[in-house]
1. Regarding LEU130, is this residue at pLDDT below 95, open to solvent by 70 Å² or more (accessible area, probe 1.4 Å) and assigned to a helix (DSSP H, G or I)?
2. Which condition number in (1) polar (S, T, N, Q); (2) at pLDDT 70 or above; (3) over 21 Å from the mean Cα position of the chain (by Cα) is the one that ASN104 fails?
3. Restricting attention to region 69-89, which residues are at pLDDT 75 or above and not in a strand (DSSP E or B)?
4. Scan ALA66, ALA27 and give me the residue that is in a strand (DSSP E or B), surrounded by 12 or more Cβ atoms within 10 Å (Cβ to Cβ) and modelled with pLDDT of 85 or more.
5. Looking at region 154-167, is at least one residue open to solvent by 50 Å² or more (accessible area, probe 1.4 Å), at pLDDT below 85 and part of a helix (DSSP H, G or I)?
6. Whether any residue in region 8-17 is modelled with pLDDT of 90 or more, more than 12 Å from MET75 (Cα to Cα) and assigned to a helix (DSSP H, G or I) is what I want to check.
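The values are calculated or read from the model by the stated rules, or taken from the named source; none is laboratory data. No experiment lies behind these values; they were computed from the predicted model shown. Every residue, glycine among them, receives a Cβ derived from its backbone with ideal geometry; neighbour counts consider all protein chains shown. Note: accessible area is taken over every heavy atom of the protein model, side chains too, but ligands, DNA and RNA are not part of it. Shrake-Rupley method; radii C 1.70, N 1.55, O 1.52, S 1.80 Å.
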Amino acid sequence: MTNERGVSVDGTVPVEIIDYEERYKQALEDISLPWLLEYDLLEPVDLEMLAEPHRFVADGGRVLLARCGEEIVGMVMVELQGEGQCELLKLGVREAYRDRGVGNALMEAALQAARDAGLSLGKYRAYLALSALDPTVTQADAGEMTMGEIQQCIDACEGHGSGQGQQGSG
C-alpha cells in the first residue's frame with residue numbers, strides 16, 4: 001500500500017533497478033559528487049570513473065541505477081575483480097530518497113548482478129573478457145568451460161595462443 005507520493009506504508013519507495021545508459025551520466029555525477037565532497041573522499045580516480053562510466057562498463061563493471069518514476073535516485077558501481085571477489089563502488093542515494101529502501105534495493109541488485117550468469121565472479125569476469133573478443137560465446141558456453149579453457153579461447157582470440165593456433169603469417 002502506498003500513499004499519494006508513491007511511498008509505501010513502511011517508508012520505502014518503489015524503484016526499478018536499471019543498467020547505466022549514457023543519458024544518465026549527469027544523474028550519476030549528481031548523486032556521487034555531493035557525498036564524496038561532503039566526506040572528503042573525492043580522489044582523481046573517482047572523477048575518471050564518473051567522467052567516463054562507459055569505460056568502467058567496458059572493463060567488465062556494472063553501473064546499476066535506481067529509478068523512481070523517471071528520476072534516477074540512486075546508483076552503485078560493481079567492479080568484478082577476479083575469482084570470487086567483487087567490490088561495490090560509489091553506492092549513493094539522493095538525500096530526499098535516503099532511508100526509504102533505495103540503498104537496500106541497489107545492494108540486492110548488485111549482489112544479484114554477480115550471480116546472474118550462474119558463474120563464479122572470476123568466471124563471470126573471464127566470460128566478459130571472452131565475449132568482448134568473441135560475441136558468439138554465450139554465458140551458457142562459458143558455464144560449461146573451465147577457467148583454463150576460457151583463458152585458452154581468450155589467448156587464441158588475442159592471437160597469442162599456446163601453440164595450438166596459427167603462428168605468424170609466414
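1. Taking the combined requirement at face value, the residue does not satisfy it.
2. The single condition ASN104 does not satisfy is (3).
3. GLY69, GLU70
4. ALA66
5. Checked against the condition, which is being open to solvent by 50 Å² or more (accessible area, probe 1.4 Å), at pLDDT below 85 and part of a helix (DSSP H, G or I), region 154-167 yields no hits at all.
6. Scanning region 8-17, I find no residue that is modelled with pLDDT of 90 or more, more than 12 Å from MET75 (Cα to Cα) and assigned to a helix (DSSP H, G or I), so the answer is no.
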